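Before any comments, here is the structure.
The values are calculated or read from the model by the stated rules, or taken from the named source; none is laboratory data. Keep in mind the model is a prediction, meaning the values are calculated, not measured. Glycine also receives a Cβ, built like all others from the backbone with ideal geometry; neighbour counts cover every protein chain displayed. In case anyone asks, the SASA skips ligands and DNA or RNA and just uses the protein heavy atoms, side chains included. Shrake-Rupley method; radii C 1.70, N 1.55, O 1.52, S 1.80 Å.
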Amino acid sequence: MELRDRVALITGGKRIGAAVATHLARHGMDVALSYNRSRAEAEEAATSVREAGRRVALIQANLSQAAECQRLVDDAVQQLGRLDVLINMASVYAAVPFEELDEATWDAVVDVDLRAAFLCARAALTHLRAAGGGRRDEGL
């Protein structure tokens with residue numbers, strides 16, 4: 001895939017998401033980055049994208065909420081004009097010993113690490129297909 005002048009949305013704008021954003025920007029992609037509470041880290045990643053000469057959209061979203069997943073995708077497309085790649089990196093890091101893990105903590109992790117990936121992919125599909133991607137398969 002030619003990366004120059006394409007747009008990637010990366011959920012989770014710190015740690016690995018930040019490194020991926022910088023790498024893609026250096027290869028010519030504009031990048032939308034989401035964050036929930038880690039604005040400072042996402043701003044650092046956005047600075048790296050700008051330093052690579054690419055556009056960046058920084059969008060706050062609570063991906064445990066379905067409507068926020070849709071809004072994130074729509075805002076990224078509105079700000080950067082298209083969507084070619086979705087990279088689901090958002091995650092919840094719960095430093096809890098397994099024997100102390102309760103259902104609420106488990107649900108919070110699953111809501112962001114798993115459910116949000118599905119919801120963002122579903123929200124992005126129309127935009128990905130409009131850009132010539134979004135593979136079509138029958139069923140799961």
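Things to note:
- Its Kirkwood hydrodynamic radius, worked out from the mean inverse distance over all distinct Cα pairs, puts the chain at 15.3 Å.
- Tensor-based shape of the range 74-137 (alpha-carbon gyration tensor, a/c under 1.5 rounded, otherwise prolate or oblate): prolate
- For the range 1-85, relative contact order (Cα pairs under 8 Å, six or more residues apart, normalised by length) works out to 31 percent.
- Hydrophobic, long helices, defined as DSSP H runs whose alpha-carbon span along the helix axis is 20 Å or greater and whose mean Kyte-Doolittle value is at least 0.0, occur in the chain at 116-130.
- Amide H contacts under 5 Å for Leu58, placed H, 5+ residues apart: Leu33
- Accessible-area value, Glu103, 1.4 Å probe, nucleic acids and ligands omitted, Å²: 150 Å²
- The range 90-117 and the range 10-79: distance between their alpha carbon centers, rounded to Å: 22 Å
- Extension reserve of the Tyr93-Glu2 stretch, reckoned as 0.36 nm per residue once the Cα distance is removed: 29.4 nm
- Loop-located GluC sites (Glu not before Pro) in the range 1-60 whose Cβ has at most 12 other Cβ within 10 Å (DSSP): Glu2
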